[in-house]
Structure formats: C-alpha cells, structure tokens
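The structure appears below as structure tokens.
The values are calculated or read from the model by the stated rules, or taken from the named source; none is laboratory data. None of the values given here were measured: they were computed from a predicted structure. We place every Cβ from the backbone using ideal geometry, glycine too, and count neighbours over all the protein chains shown.
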Amino acid sequence: MPRLAIAFVRLVDKMNYGVGRMAMYLLFALMGVLMWSTISKALFNPSLWTLEMAQFIMVAYWVLGGPYAMQMGSHVRMDLFYAKQSPVRRAWWDAFTVFALIFYLGVMLYGAIDSTIYAFQYNERSPTAWRPYMWPIKVILCIGFFLMLLQALSALIKDIATIRGETI
C-alpha cells in the first residue's frame, strides 16, 4: 500500500479513536441532565431545558461515537453468510458495501452543511419554550458525518489492503 494511504488510515483511526473515547463521557452528561430533570420535576418546577438538552447530548453521543464504533467493528451486522466467508471474501463484500455508505454519508454531509449554513444565516432557534440556537448541534452533526466519511474511506483502504494480502 502507498505510504500516503497508510498515513491516512493511521491518522483517521487515531483521531476517531480519541473522539470516540471522549464521546463516551457524554453519557455521564446525559445522565446528569436526566437526573436533574427528575429531581426538578419531583421537588419544584420542572426545567424547560432538560428534555431538549438530553436530546442534543444524545445526538452528539451517537454521531461522534459512530466512527469509533465502525473502527472497532461494533456495528450490528447480519452474519448469516458473512461470518462463514474467508477474510479476503469478507473484505470484498465490505469494499463493495462501503461505496453505498460513502454515497449515503456524502448526501447526509451535504444536507447537514446546508442546514448548518441556514441555521447561522437566520439565527435558527428551536420552536420550543426554551428556544435554543440550533447551530451548535448542527455543527456537531457536520463534524460527525465528516468523521464517519473519513472512517469509511479508512475502512475501504484497509479492505483493499486485505484483498491484496497486505496489512496496515
């Protein structure tokens, strides 16, 4: 494999590993917000911001943890026929299917960027009582889709290396 491809794979894997490990801690922030929601509802007036903040944290947790899950092979997969195949044959299937993923992520990233530009341009706010600005979560979506796209390209390079009988 070319050195540039190997360097790309290592850089993307290292970056997504770090982002994914940090995203894991968002679960504690989510638990804190939900605990505060429960306490505020039981003891005094319920907070307006807790439900939407929990949703924003969950989106960030999911979208930033996706590339890490892909890197670790933690995604749900149908193993009916796949598991019985040789590593090279699996790499062929993965290389074929990653093109659909790259197309999907390209469309999602395009839409997320367009939506983020709109949110900045018009100071978009949520239509709820709390009315937070929408651009922070939309920026996180763009970052998450971009990182997932990079991880998909990294997986494609690894599959090509496996097909060629090389390791990265």
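Spot the failing condition for TRP130; the list is (1) closer than 28 Å to ALA7 by Cβ; (2) touching a helix residue (DSSP H, G or I) at 6+ places or on another chain (Cβ under 6 Å); (3) outside any helix (DSSP H, G or I), and only one is missed.
The one condition TRP130 does not meet is (1).
Has region 53-61 got at least one residue that is modelled with pLDDT under 95, of a type in the set (A, V, I, L, M), in contact with a Phe, Trp or Tyr (Cβ under 9 Å, 6 or more places away or on another chain) and farther than 14 Å from MET148 by Cβ? Steps first, please.
Quick first cut of region 53-61, residues modelled with pLDDT under 95 only: none.
Within region 53-61 (the criterion being modelled with pLDDT under 95, of a type in the set (A, V, I, L, M), in contact with a Phe, Trp or Tyr (Cβ under 9 Å, 6 or more places away or on another chain) and farther than 14 Å from MET148 by Cβ), the answer is no, since none of the residues qualifies.
Given TYR68, TYR61, which one is surrounded by 16 or more Cβ atoms within 10 Å (Cβ to Cβ), touching a residue at least 40 places away in the same chain (Cβ under 8 Å), among the hydroxyl-bearing types (Ser, Thr, Tyr) and not in a loop (DSSP other than H, G, I, E, B)?
Details: TYR61 fails: touching a residue at least 40 places away in the same chain (Cβ under 8 Å).
After ruling out the rest, the residue left standing is TYR68.
Would you mind finding the one in THR116, THR97, THR167, THR162 that is assigned to a loop (DSSP other than H, G, I, E, B) and among the β-branched types (Val, Ile, Thr)?
Numbers: THR116 fails: assigned to a loop (DSSP other than H, G, I, E, B); THR97 fails: assigned to a loop (DSSP other than H, G, I, E, B); THR162 fails: assigned to a loop (DSSP other than H, G, I, E, B).
Answer to the selection: THR167.
With the requirement that a residue be touching a residue at least 40 places away in the same chain (Cβ under 8 Å) and not in a helix (DSSP H, G or I), what does region 133-159 give you?
Kept after step one, since they are touching a residue at least 40 places away in the same chain (Cβ under 8 Å), are these residues of region 133-159: 136-137, 140-141, 143-145, 147-159.
Those that are touching a residue at least 40 places away in the same chain (Cβ under 8 Å) and not in a helix (DSSP H, G or I): none in region 133-159.
Return the residue satisfying two criteria in turn: it lies in region 37-58 and is hydroxyl-bearing (Ser, Thr, Tyr) and assigned to a helix (DSSP H, G or I), and of such residues it is nearest to the chain's Cα centre (by Cα).
Residues of region 37-58 hydroxyl-bearing (Ser, Thr, Tyr): 37-38, 40, 47, 50.
Filter again for assigned to a helix (DSSP H, G or I), leaving 37-38, 40, 50.
Details: SER37: 26, THR38: 28, SER40: 31, THR50: 23 Å.
Checking each candidate, the answer is THR50.
Considering only region 115-129, how many residues are loosely packed, with under 13 Cβ neighbours inside 10 Å and not hydrophobic (A, V, I, L, M, F, W, C)?
Of region 115-129, the ones loosely packed, with under 13 Cβ neighbours inside 10 Å are 121-123, 127-129.
Applying the additional criterion that residues be not hydrophobic (A, V, I, L, M, F, W, C) yields 121-123, 127-128.
The total comes to 5.
Within the group ILE137, ILE168, ILE143, ILE117, which residue is modelled with pLDDT of 95 or more and within 21 Å of LEU11 (Cα to Cα)? Let's see the steps before the verdict.
Values: ILE137 fails: within 21 Å of LEU11 (Cα to Cα); ILE168 fails: modelled with pLDDT of 95 or more; ILE117 fails: within 21 Å of LEU11 (Cα to Cα).
None of the others qualify; the one that does is ILE143.
Out of the residues in region 71-94 meeting the condition of being among the hydroxyl-bearing types (Ser, Thr, Tyr) and in a loop (DSSP other than H, G, I, E, B), tell me which one is modelled with the lowest pLDDT.
Just the residues of region 71-94 that are among the hydroxyl-bearing types (Ser, Thr, Tyr), to begin with: 74, 82, 86.
Filter once more, keeping what is in a loop (DSSP other than H, G, I, E, B): 74, 86.
Numbers: SER74: 87, SER86: 92.
Looking at residues that are among the hydroxyl-bearing types (Ser, Thr, Tyr) and in a loop (DSSP other than H, G, I, E, B), I get SER74.
Quick check on this structure: which one of ASP79, ASP94 is under 30 Å from ALA155 (Cβ atoms) and exposed (fewer than 14 other Cβ atoms within 10 Å of the Cβ)? Walk me through how you get there before you give the answer.
Numbers: ASP94 fails: exposed (fewer than 14 other Cβ atoms within 10 Å of the Cβ).
After applying the criteria, what remains is ASP79.
So which residues in region 78-137 are among the small types (Gly, Ala, Ser) and within 23 Å of ILE57 (Cβ to Cβ), if there are any at all?
Scanning region 78-137 gives GLY111, ALA112, SER115, ALA119, SER126, ALA129.
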